[in-house]
Amino acid sequence: MSRGFRVGVVDDHPAIAAGVPVGLRDHLPLDGECPVASTVRGLLETAHELDVVLLDIRLQDRSAPADNVRRLVARGWPVLLFTQVRQPAVVAACLQAGAAGVVGKHEGWTTLAAAVRTVAGGEDHVNADWAAALRVLVEGRAPALAPREAQVVNLYSTGLPMKSVARRLGVGEETAKEYLARVKRKYLEAGRPVHTRSELYLRALEDGLLDPPGGV
């Protein structure tokens, strides 16, 4: 590539969003300023041609990570996940949606720059996180939950009584219980049985249905 790399950043942590372009510029030739946005919509509205988008998985607008990947890829921008999230099922969903790799925020600038080069060149950035996510895809360990089932998991696993869950969903308590029963059957079929509320909470964390404690 004769010109510099055109890199966009979607991250709602101000210090990280401001620091990434500066750090990258010391390890990678960049073409102009790096457009930075706190949401995917913001980047789509302000950026033009990009070689790579660095996308944080967890954004404060509560947008679905895989949907964010799809929107960026649909614009024709390769996506490199740049995140602290260590949830293989969430990363797997993003890879399935078209992301080309993942780099942890704990990794060094040299690693990030190399990953940008790789993805901008049309290849996947393969590392341990990528491999763990691929295993989830191959093994099919994350069951496909319907939207209502996912809502029940989100509400019930965090401690709400079933009556309150039903009220939040606008359905009867028996209907909410049936949603939960379906969820348990799907986890059983996936080889990850759920017997207690705490086990459901752990599964929800593993599969990205809940944000990790601390909002990572």
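Observations on the model:
- Comparing Cα centroids, region 76-106 and region 162-195 end up 29 angstrom apart.
- Taking 7 Å steps out from each Cα toward its Cβ at Arg185 and Ala18 produces label points 5.4 nm apart.
- Positive-end residue, the chain charge dipole about Cα centroid, Cβ charges, pick of Leu202, Ala128, Ala89: Leu202
- Checking every one of the trypsin sites (Lys or Arg not before Pro) in region 101-181 against DSSP loop status and a limit of 16 other Cβ atoms within 10 Å picks out Lys105.
- Candidate aspartates and glutamates for bridging to Lys163, where Cα separation is under 12 Å - those fewer than 8 sequence places away on the same chain excluded: Glu173, Glu174
- Degrees separating the helix 173-189 axis from the principal Cα axis of the chain, which is the longest one: 60 degrees
- Rounded FRET efficiency, nearest 0.05, which uses the C-beta distance separating Gln60 from Arg197 and R0 of 35 Å: 0.85
- R0 of 25 Å, Cβ-Cβ distance Asp67-Val126: FRET efficiency to nearest 0.05: 0.55
- Annotation note: GluC sites (Glu not before Pro) in region 1-82 located in DSSP loop regions with a Cβ neighbour count of at most 10 within 10 Å are Glu33, Glu49.
- Distance between the pseudo-spin-label points of Glu49 and His106 (7 Å out from Cα toward the beta carbon): 3.9 nm.
Just so you know, all these numbers are worked out from the coordinates, no wet-lab data involved. Just so we're clear, the structure is a prediction, and the values are computed from it rather than from any experiment. Cβ: placed from backbone, ideal geometry, glycine included. Neighbour counts: every protein chain shown.
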